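Right, one structure below, let's go through it.
The values are calculated or read from the model by the stated rules, or taken from the named source; none is laboratory data. Everything numeric in this text was worked out from a predicted model, so none of it was measured. Quick reminder, even Gly has a Cβ in these numbers, built from the backbone with ideal geometry, and neighbours come from all protein chains shown. Protein only, heavy atoms only, side chains kept; ligands, DNA and RNA dropped before computing areas. Shrake-Rupley method; radii C 1.70, N 1.55, O 1.52, S 1.80 Å.
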Amino acid sequence: MELSKKRIILVFMLLTVIFIVLLGRAVFLQIFPDERVIKMAKKQYSGEVALSPRRGDIYDRNGNPLAVSLDFDSLYVDPLLVIDKKTAAQIIAKELGLDEKEILNKISNNNKRFVWIKHMLSPEESKSLAGLIKKERGVRTIKEPKRVYPNGTLASHVVGFVDREAKGVDGIERFYDEYIKSTDSKIKYQKDGKKRLIYSDGNMFLSSDSGSTVYLTIDNNLQYLVEKELKETVDNKNAASGTVIIMNHKNGEILALANYPSYNPNEPGKHNAFELKNRAITDIFEPGSIFKIITAGIALKNKIIDLSTEIWGENGRYTIVAGKRPVVVKEAKGHDYGMMNITKLIAKSSNVGSAKLGIMIGEKIFFEGVDSFGFGERTNVDLPGEVRGIVNKKGGKVTLANAAFGQGISVTAMQIVKAYSIIANGGYDVVPHLVKNIVDERGYEVQSTFNQKGDEIIPTHLAKELAKMLRAVVEEGGTATGTDITGFEIAGKTGTAQKPEHGRYSLDKYLVSFAGFFPASDPQYTMLVLIDEPKGAYFASVVAVPLFKMLANNIIHNQSVMPKMMPKEEKITVTTKKEDGTSVNHPVQVKVDIKPHDPKLVPDLRGLSLRQALGVISNNWDDVNTYGSGKVVSQTPAPGNRNPDDKVISIWLE
């Protein structure tokens with residue numbers, strides 16, 4: 001009896017100790033909860049279903065939408081609550097074009113309380129199922145965000161697209177995916193002891209946030225015009241493709257980037273790989289003559305030649321390697337340009353002159369110069385898939401001579417735009433970019449592009465000289481005459497490059513281009529037009545130049561660019577009156593004022609020197625009479641509106 005009593009006390013004490021330990025553990029967990037235990041508990045009485053995440057919007061520089069997320073109905077079923085499963089399956093299958101047996105199998109399993117039927121219903125599909133949803137409590141829809149590109153093909157190679165899981169696949173959507181995407185959207189719900197969903201609106205809620213909003217440098221209106229005119233040019237010339245890039249070379253902002261053929265990012269699966277590629281950064285090509293200005297810049301920077309140095313044109317044929325298998329560089333169309341200084345070499349686009357200049361520079365200096373302009377390296381534009389291009393530095397004199405006039409070297413369109421931008425902006429490096437800034441859902445800026453001036457690639461004075469050479473291409477005697485716009489002057493270079501094919505250069509396939517900037521005296525924009533394999537008249541001057549001119553004209557008249565002309569030499573006949581009353585006519589070479597003068601007005605010449613006055617007058621008058629020397633003190637007719645009968649202007653100087 002005594003032993004049993006002791007056992008009872010021992011058991012009681014043991015149970016008491018266990019109770020105290022458990023109670024202590026419970027109190028401890030209340031005060032210091034174990035995250036692992038909490039997760040296990042939540043998993044037992046709650047669950048979640050992933051939805052398509054909501055992405056941040058993408059806008060152009062003016063706030064016009066390029067990519068947005070719109071809410072669409074997604075259909076799901078709670079099998080336990082569906083009363084007439086067969087009828088429900090029939091209606092769903094009919095309206096959504098799905099297999100009835102498969103739907104019936106899905107909604108017949110009462111152990112599952114949440115079954116997806118179809119994501120992203122069309123508005124028509126949602127409307128057709130409204131009656132069923134109203135009748136059957138277990139057939140429900142929930143809103144999911146769908147990525148929509150409201151402008152279709154517009155800027156598709158810039159914006160890119162997303163996959164079914166709303167992850168960026170290409171373009172800005174991919175490059176800035178970490179900013180644009182949100183945390184995964186989820187439906188959270190409660191479950192009973194048998195792990196069944198406790199169905200009520202109060203027990204289900206949506207957990208999500210929004211991604212950041214991206215503002216691009218692209219101008220929607222300009223982008224539309226570029227795509228429209230590029231398509232028309234490619235179609236009219238039966239060309240294989242085309243590319244246009246327009247950039248502010250001072251800060252690297254890309255205003256328009258277009259490739260044709262293009263694609264609709266709302267339906268990327270309907271397009272082939274060629275249409276989906278952003279060929280402005282993924283495809284390489286031999287630049288041909290548009291590369292010659294780079295050779296000129298390298299030669300002048302390293303003082304291999306100066307502006308007055310003349311190079312003989314070798315009668316249009318330059319033998320680099322003699323012998324049984326000679327290597328000869330020829331001028332296009334059998335031209336012979338005789339003796340050429342560097343300006344004439346660029347204006348006439350001499351292959352022979354460029355090849356000889358490359359050899360004069362030498363391999364080491366030449367390829368160091370090529371590297372400094374950014375060739376053979378990515379431009380670091382904020383787009384995925386950019387390639388480096390190919391700069392072959394081996395092969396000796398032949399490779400060097402060919403590279404000097406743009407053969408045997410492969411570049412991207414973006415690299416050419418960057419190189420010409422260096423010339424246009426005064427010789428400084430620039431990074432092309434497409435994003436101005438990124439703002440999170442609270443309105444805070446999380447990233448912006450600082451347009452800092454890059455390293456000096458070439459001296460400013462040399463950049464200006466190169467700009468003058470590119471200007472000579474457009475003037476009379478150059479390869480792109482007729483490019484200018486009234487009140488403005490353009491500087492640029494044509495390129496008509498034979499395409500390599502089967503180890504040699506094709507005789508009937510060309511890639512034509514025009515790269516340049518405008519207005520020439522105070523450049524604001526750099527542009528490249530590239531047309532691949534035009535049929536018929538294929539020279540750049542009749543294919544690429546007209547498109548460049550048309551687009552430049554639109555930009556000038558829609559971007560408030562003030563008219564500025566580069567000073568140019570012009571001959572004026574001046575009549576000087578002597579004291580004895582006789583007069584002497586003699587021509588004077590003057591620089592015309594950079595601001596074009598309205599021929600309907602009489603300019604105010606007072607205070608100007610004779611040369612300045614003659615520059616303003618230009619050839620708007622039949623004759624000019626001058627009296628005295630020094631500064632202009634009076635004139636006839638007086639400044640103001642010009643009488644149509646006024647043909648002669650007289651000025652008095654002291």
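List of remarks:
- Within segment 502-520, the set of residues being surrounded by 19 or more Cβ atoms within 10 Å (Cβ to Cβ) and either of a type in the set (Asp, Glu) or more than 19 Å from the chain's Cα centre (by Cα) (or both) comprises 510, 511, 512, 519, 520.
- Among the residues of segment 206-253, the ones that are assigned to a helix (DSSP H, G or I), touching a residue at least 40 places away in the same chain (Cβ under 8 Å) and not hydroxyl-bearing (Ser, Thr, Tyr) come to 10 in all.
- In summary, strands (runs of 3 or more DSSP E) completely within segment 499-609 and bearing 2 or more residues that are modelled with pLDDT of 90 or more and among the hydroxyl-bearing types (Ser, Thr, Tyr) occur at 504-518, 525-532.
- Residue among 303, 292 that alone is charged (D, E, K, R) and in contact (Cβ under 8 Å) with a residue 24 or more places away in the chain: 292
- In segment 119-169, the residues that are outside any loop (DSSP other than H, G, I, E, B), touching a Ser or Thr at 6+ places or on another chain (Cβ under 8 Å) and open to solvent by 60 Å² or more (accessible area, probe 1.4 Å): 143, 146
- Complete set of residues in segment 65-90 that are open to solvent by 60 Å² or more (accessible area, probe 1.4 Å) and either closer than 29 Å to residue 158 by Cα or not in a loop (DSSP other than H, G, I, E, B) (or both): 70, 71, 80, 86, 90
- Within segment 610-654, the set of residues being modelled with pLDDT of 75 or more, touching a Pro at 6+ places or on another chain (Cβ under 8 Å) and either buried (at least 16 other Cβ atoms within 10 Å of the Cβ) or part of a strand (DSSP E or B) (or both) comprises 642, 649.
- The one condition from (1) open to solvent by 80 Å² or more (accessible area, probe 1.4 Å); (2) part of a loop (DSSP other than H, G, I, E, B) that residue 178 does not meet is (2).
Every residue, every condition in (1) modelled with pLDDT of 95 or more; (2) of a type in the set (D, E, K, R), yes or no:
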residue	(1), (2)
155	yes, no
159	yes, no
174	yes, yes
186	no, yes
191	no, yes
196	no, yes
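- Scanning segment 357-390 for residues that are open to solvent by 30 Å² or more (accessible area, probe 1.4 Å), of a type outside the set (S, T, N, Q) and closer than 28 Å to residue 246 by Cα returns 368, 371, 377, 378, 385, 387, 388, 390.
- Matching residues, segment 97-118, being within 19 Å of residue 144 (Cα to Cα) and crowded, with 17+ Cβ neighbours inside 10 Å: 114, 115, 117, 118
- Every residue from segment 306-319 that is within 23 Å of residue 409 (Cβ to Cβ) and surrounded by fewer than 18 Cβ atoms within 10 Å (Cβ to Cβ): 317, 319
- For the residues 292, 303, the requirement of being surrounded by fewer than 13 Cβ atoms within 10 Å (Cβ to Cβ) and charged (D, E, K, R) singles out 303.
- Across segment 106-146, the qualifying residues are those that are acidic (Asp, Glu) and within 41 Å of the chain's Cα centre (by Cα), and the one among them that is modelled with the lowest pLDDT is 144.
- Condition met for residue 470 (surrounded by fewer than 21 Cβ atoms within 10 Å (Cβ to Cβ) and modelled with pLDDT of 90 or more): no
- Residues that are buried (at least 21 other Cβ atoms within 10 Å of the Cβ) and among the aromatic types (Phe, Trp, Tyr) were ranked within segment 249-289; the one that is farthest from residue 415 (Cα to Cα) is 263.
- Some residue of segment 383-400 being hydroxyl-bearing (Ser, Thr, Tyr) and touching a residue at least 40 places away in the same chain (Cβ under 8 Å): no
- Filtered by the rule that a residue be within 36 Å of the chain's Cα centre (by Cα) and among the aliphatic types (A, V, I, L, M), segment 306-332 gives 307, 329, 332.
- Taking every residue in segment 355-367 that is of a type in the set (Phe, Trp, Tyr) and pairing it with any residue that is modelled with pLDDT under 95, at least 6 positions away or on another chain, the pairs with Cβ-Cβ distances below 8 Å are 367/393.
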